[in-house]
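Notes to accompany the following structure.
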Amino acid sequence: MVSYQKSSHKQHKFDNDLEKQIVDITSANPRSFDLGFSTWSLRVLAGFLMDDLKIVDKISHSAEIRNILLKYKIK
């Protein structure tokens, strides 16, 4: 018999201050952070928040970042 574990893909709850910080970073040109490009992608932004700035331990680019940006009407 094969048993399956339910996926633990659970969205994190971020407070408003952290959400606004993410919006501020998203609104800034990546070149202002000495990055070699001028437009954020959701995946690159997630990596930057986790690996470079270390303001979050884990964040989903496809759900959490997208939802934050939609909430604050960022395109």
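The values are calculated or read from the model by the stated rules, or taken from the named source; none is laboratory data. All values reported here derive from a predicted model rather than from experimental measurement. Reconstructed Cβ throughout: ideal geometry from the backbone, glycine too, with neighbour counts over all protein chains shown.
Quick notes on this one:
- Unmet criterion (only one of (1) at pLDDT 95 or above; (2) in a helix (DSSP H, G or I); (3) surrounded by fewer than 14 Cβ atoms within 10 Å (Cβ to Cβ); (4) hydroxyl-bearing (S, T, Y)) for T39: (2)
- From I25, I65, residue being free of Cβ contacts under 8 Å to residues at least 60 places away in the same chain and in contact with a helix residue (DSSP H, G or I) (Cβ under 6 Å, 6 or more places away or on another chain): I65
- Test: A46 is under 9 Å from the mean Cα position of the chain (by Cα), modelled with pLDDT under 95 and either part of a loop (DSSP other than H, G, I, E, B) or of a type in the set (G, A, S) (or both): no
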